[in-house]
1. Taking H as built 1.01 Å from N, whose amide H comes closer than 5 Å to the amide H of residue 101, not counting residues under 5 places away?
2. How would you order 38-46, 149-157, 319-327 from highest to lowest mean count of nearby Cβ atoms within 10 Å?
3. How large is ³J(HN,Hα), in whole Hz, for each residue of the stretch 309-325 in order, when computed from phi with the Karplus curve 6.51 cos²θ - 1.76 cosθ + 1.60 and θ = phi - 60°, using x for Gly and Pro?
4. Mind putting a number on the dipole of the stretch 86-233 about its Cα centre? Charges go on the C-beta only, +1 for Lys and Arg and -1 for Asp and Glu, and I need it in Debye to the nearest 20.
5. Give me 329, 94 ranked fewest to most by other Cβ atoms within 10 Å of their Cβ, as a rough exposure proxy.
6. Compute the whole-percent fraction of alpha carbon pairs in the stretch 88-175 spaced more than 22 Å apart.
7. Could you give the radius of gyration (one decimal) and Dmax (whole number) of the Cα atoms in the stretch 69-295, in Å?
8. Can you work out the Karplus-derived ³J(HN,Hα) for every residue in the stretch 11-18? Use 6.51 cos²θ - 1.76 cosθ + 1.60 with θ = phi - 60°, whole Hz, and x for glycine or proline.
Amino acid sequence: MQQNWMSRFSDNIRDYDGYAIGKLFKLLNDPATISLAGGLPSPDTFLKDDLQRISQRRLQEDADTIMQYTDISGEMDLIEAVIQFLKEDNINISKENIVITSSGQQGLDLTGRLFLNPADAVILDRPTFAGAIVAFQMQRPIFAGVEIEADGSDIEGFDKKIAELIRQNIPVKYIYVVPDFQNPTGISMSLEKREALLDLSYEYDIPIVEDSPYRSLRYHGDNLPAIFELDQNRKGDHVIGVYTFSKLFCPGMRVGFNIGPKAVIGKMANIKQGNTLNSPKYNQDMCAAFLQEMDWKTHLENCRSYYREKLAIFLNTMQDYFPEEMGVSWTKPQGGLFLWATVPEGIDTLELFYEAIKFKVAFVPGEVFYGENPAKNHMRINFSYPSKDQLTEAIKRLADCIKKYQI
Ligand SMILES: Cc1ncc(COP(=O)(O)O)c(C=O)c1O
């Protein structure tokens, strides 16, 4: 007899049909296709020799503990190294304020699980990071999105949205933002808006979740303080920081950390007991070594100059191949790994994606970056992974594809 499995699945999961980006990536198996779709750091930046050397030494010295279970909150060496790392960014925390995670994605999952009941609201940008939408979606919240602006989140729009939700008696649990070089747009939030967002958070007593994977990857302009720092300066405790080593060191380690008030972090560690227990010790040790032995400052400087050059090539080539009359516009990020292109209304970028594959180039259709009511005429473009030659060729192919599509 056949089981009716669907009816047995939990209400939270039954309608979840998998990560939309993941499904699109499965179509990109032709090696001739240049993918501007992923969010991968370039392997050219990986510290392979350092990793090999330190890894071998640690395995020789300490295989017994590396192969063992370890603390749920994280390895003390790594926690201490992260505390020092954050000090350089004017963030001062102690060990009760940090839980090591198995990457940024788990950091987001812990956040959703900790705060959200079904039908609670999350305030976020339109568009925003698709992985956050997926992580939070597991709790079936309402996504209350407001169009992002050139200088970051629309704080007045957030204000109106929160007031509206409160009038409807819908609990607003947190505001989710990626203030530095947002995925997918590459947009950064201005200092004024960071302060205004905090004002809003205090006014309504709603926490801010500040997701910061790209903060160290600034190629132009001055660093802006993390919202976490601004909150500390104002003696607040309204910000939860979500960080990952994925873009700092390498994504293969799957190590990150969440920071925040002791009560929040303690509960996140409790939730971790129920899923991963501890994050892998070997990976945590390698991340600690990254911060303690691998000259991370020089590494990040190298990453910045490497990606700065790719971004410049990309933007210049876009200028050449997308003349104004084509009606295509795009953001000019000061850092991160992505930019956001807008094609004329009426072009559906999911359909364009399937056409683009025929032209052997790929991007991510913008619609996956919306919690609700997706806009159809955008695309996320990654410039970190393809080689410089591939970047130029990819833009030519994309321009040809759009021209053909417009006829
Ligand atoms: C904004 C944002 N948050 C979180 C993550 C997840 O990071 P990780 O790969 O460490 O899970 C990413 C990854 O691309 C991201 O862009």
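1. Result for residue 101 returns 256, 257, 258.
2. By packing density, highest mean first, the sequence is 149-157, 38-46, 319-327.
3. Running phi through 6.51 cos²θ - 1.76 cosθ + 1.60 with θ = phi - 60° gives 5, 5, 4, 5, 4, 4, 5, 5, 5, 4, 4, 6, 9, 10, x, 3, 5 Hz.
4. 600 debye
5. The fewest-first ordering by Cβ neighbours comes to 94, 329.
6. For the stretch 88-175, the share of Cα pairs beyond 22 Å comes to 37 percent.
7. My reading of the Cα-based Rg and Dmax gives 16.7, 53 Å.
8. Going residue by residue, I get 4, 5, 9, 3, 8, 7, 10, x Hz, with x marking Gly and Pro.
We did not get these values from a lab; they are worked out from the coordinates using the rules stated. If you're wondering where the values come from, they're calculated on a predicted model, not measured in any experiment. Glycine gets a Cβ as well: all are built from the backbone with ideal geometry, and neighbour counts include every protein chain shown.
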